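Undergrad: One structure coming up, written as structure tokens, with questions to follow.
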Amino acid sequence: MMRKDDVLRRTGTDWVVEGVTIACVVAILVSFGFYGHIDADEAFPMHYNAAGEVDGWGTRFALWIFGGIALAVCLLLTIGERFYKKFNYPVRVTEKNREWLWRLAVRMFRVVKMVIMLFFTYIQYAGIWVALGHGGGIGRHMSTVFMAVLFVVVLGFVGKMYAIRKGEGD
């Protein structure tokens, strides 16, 4: 019988993914240090339009709000990966394929978390850059690129799950 620790055990790839995620968390924590460098009278970007331009402004306190949301999402996804048996799988979980499916689902969670944290970190520093008067937004295609990368990651893992169902993943 397989133990829960076996599914959650990190491989080399998992450590790289988690390392990037941890680097993003550290970068967001470091970004809080810019709070004092942003003039209290100047606005901080709160929202971006489809072209990546700032179209909503707030106070510099938004730096803390956005960073806090990013850290909360990271924490929730980290906790969520521990409940892999409760996930809704795209294929039937059987005695033969469950270990592979569980491991894939946990890795997918970790990779999705990394992609989300990379995006949050980028937006956090783009906002700081704008608030300090150096730039104009997050870039025209950044939201599209983020959604495309997230879609490709999830689709790739779902494809692997279907391959395991057909016996190709052994």
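Undergrad: Test ILE116 against the stated conditions and say whether it is in contact with a helix residue (DSSP H, G or I) (Cβ under 9 Å, 6 or more places away or on another chain) and touching a residue at least 60 places away in the same chain (Cβ under 8 Å). Before you say what the answer is, go through the steps one by one.
TA: Numbers: in contact with a helix residue (DSSP H, G or I) (Cβ under 9 Å, 6 or more places away or on another chain): yes; touching a residue at least 60 places away in the same chain (Cβ under 8 Å): no.
The answer is no for ILE116.
Undergrad: Which ones in region 44-54 are hydrophobic (A, V, I, L, M, F, W, C), modelled with pLDDT under 85 and open to solvent by less than 40 Å² (accessible area, probe 1.4 Å)?
TA: Just the residues of region 44-54 that are hydrophobic (A, V, I, L, M, F, W, C), to begin with: 44, 46, 50-51, 54.
Applying the additional criterion that residues be modelled with pLDDT under 85 yields 44, 46, 50-51.
PHE44, ALA51 - these are the residues of region 44-54 that are hydrophobic (A, V, I, L, M, F, W, C), modelled with pLDDT under 85 and open to solvent by less than 40 Å² (accessible area, probe 1.4 Å).
Undergrad: Are any residues in region 79-106 open to solvent by 50 Å² or more (accessible area, probe 1.4 Å) and assigned to a helix (DSSP H, G or I), and if so, which ones?
TA: ILE79, ARG82, PHE83, LYS85, LYS86, ARG98, GLU99, TRP100, ARG103
Undergrad: Now for a separate question. Against the definition (among the small types (Gly, Ala, Ser) and outside any helix (DSSP H, G or I)), how does GLY127 come out, yes or no?
TA: Details: among the small types (Gly, Ala, Ser): yes; outside any helix (DSSP H, G or I): no.
Criteria not met by GLY127.
Undergrad: Just the residues that are open to solvent by 30 Å² or more (accessible area, probe 1.4 Å), within 22 Å of LEU76 (Cβ to Cβ) and at pLDDT 80 or above, please, taken from region 1-15.
TA: ARG9, ARG10, TRP15
Undergrad: For TRP57, only one of the following conditions fails: (1) open to solvent by 40 Å² or more (accessible area, probe 1.4 Å); (2) in contact with a Pro (Cβ under 8 Å, 6 or more places away or on another chain); (3) over 16 Å from TRP129 (Cβ atoms). What is its number?
TA: Among (1) open to solvent by 40 Å² or more (accessible area, probe 1.4 Å); (2) in contact with a Pro (Cβ under 8 Å, 6 or more places away or on another chain); (3) over 16 Å from TRP129 (Cβ atoms), the lone unmet condition for TRP57 is (3).
Undergrad: Next question. Which numbered condition in (1) outside any loop (DSSP other than H, G, I, E, B); (2) surrounded by 14 or more Cβ atoms within 10 Å (Cβ to Cβ) is the only one that LEU155 fails?
TA: Every condition holds for LEU155 apart from (2).
Undergrad: Given the condition within 20 Å of the chain's Cα centre (by Cα) and within 26 Å of ASP6 (Cβ to Cβ), answer yes or no: does some residue in region 122-141 qualify?
TA: Taking every residue of region 122-141 in turn, none turns out to be within 20 Å of the chain's Cα centre (by Cα) and within 26 Å of ASP6 (Cβ to Cβ).
Undergrad: Out of THR59, THR78, report the one residue that is β-branched (Val, Ile, Thr), in contact (Cβ under 8 Å) with a residue 12 or more places away in the chain and under 24 Å from GLY137 (Cα atoms). Can you show your working first?
TA: Numbers: THR78 fails: under 24 Å from GLY137 (Cα atoms).
Just one listed residue meets the conditions, THR59.
Undergrad: Which ones in region 117-130 are buried (at least 19 other Cβ atoms within 10 Å of the Cβ), within 17 Å of VAL17 (Cβ to Cβ) and among the aliphatic types (A, V, I, L, M)?
TA: MET117
The values are calculated or read from the model by the stated rules, or taken from the named source; none is laboratory data. No experiment lies behind these values; they were computed from the predicted model shown. All Cβ positions, even for glycine, are placed from backbone atoms using ideal geometry, and neighbour counts span all protein chains on display. To get the accessible areas, we keep the full protein, side chains included, count just its heavy atoms, and leave off ligands, DNA and RNA. Shrake-Rupley method; radii C 1.70, N 1.55, O 1.52, S 1.80 Å.
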